[in-house]
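Below: the structure, in structure tokens.
The values are calculated or read from the model by the stated rules, or taken from the named source; none is laboratory data. Bear in mind the structure is a predicted one, so any value in this text is a computation, not a measurement. Reconstructed Cβ throughout: ideal geometry from the backbone, glycine too, with neighbour counts over all protein chains shown. The accessibility values were calculated without ligands, DNA or RNA, using every heavy atom of the protein model including side chains. Shrake-Rupley method; radii C 1.70, N 1.55, O 1.52, S 1.80 Å.
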Amino acid sequence: MSMNDPRELFLHELGDILYVERKLAEKVLPKLIDEVTDEEFRSGLATHLTQTRRHVANVEKVFEIFGEEPHAEPCLGFEGLKKEHDELIEKSSSSLIDHIDLGAAARTENYEIAAYEAAHGLAARHAGYRRAGMGTRCGVPVPRVNSVRGSPSWPAPLPPQHQTSAAWVT
């Protein structure tokens with residue numbers, strides 16, 4: 001399907017966002033919550049899961065405002081991030097899971113932020129879209145990486161048995 005106008009592009013971007021939010025709410029975040037060992041990180045992920053479920057509902061409402069059925073567009077970028085995470089988990093020691101999951105969560109959050117910003121920017125340039133609430137990013141606060149960590153202090157430094165000489169770092 002070719003896109004010929006801003007509305008089509010906007011709906012595609014919205015579908016991309018919906019795909020990611022649904023995958024996060026239905027599969028990815030529950031899996032990460034089960035995987036991680038750090039309680040503070042687990043709590044942050046659980047809070048983020050609740051927020052993500054609200055994001056799904058809000059994005060679906062924007063589709064309805066446009067007279068469209070909510071439809072998710074498969075998101076290759078998100079699937080690539082997920083694949084990278086899964087491959088790292090497979091080949092890494094269990095002691096690294098929290099660090100791998102934190103990295104994956106941060107990359108995914110940044111991807112989400114970029115998607116919301118793109119949709120927001122498109123809406124801001126086309127006055128008719130402001131009625132959808134895109135002036136405030138679908139009424140969905142753009143998630144920040146800190147919301148996943150639980151607090152700015154996470155992650156804690158690596159335990160001594162996992163630290164190596166950092167002489168090569170200048």
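A few points about this structure:
- Residue in segment 5-20 that is small (Gly, Ala, Ser) and outside any helix (DSSP H, G or I) present: no
- The set of residues in segment 23-47 being open to solvent by 40 Å² or more (accessible area, probe 1.4 Å) and either in contact with a Ser or Thr (Cβ under 9 Å, 6 or more places away or on another chain) or among the hydroxyl-bearing types (Ser, Thr, Tyr) (or both) consists of Thr37, Glu40, Ser43, Thr47.
- Selection from segment 1-11 of residues that are surrounded by fewer than 16 Cβ atoms within 10 Å (Cβ to Cβ) and of a type outside the set (D, E, K, R): Met1, Ser2, Met3, Asn4, Pro6, Leu9
- Candidates Thr50, Thr108, filtered to the one that is open to solvent by 40 Å² or more (accessible area, probe 1.4 Å) and polar (S, T, N, Q): Thr50
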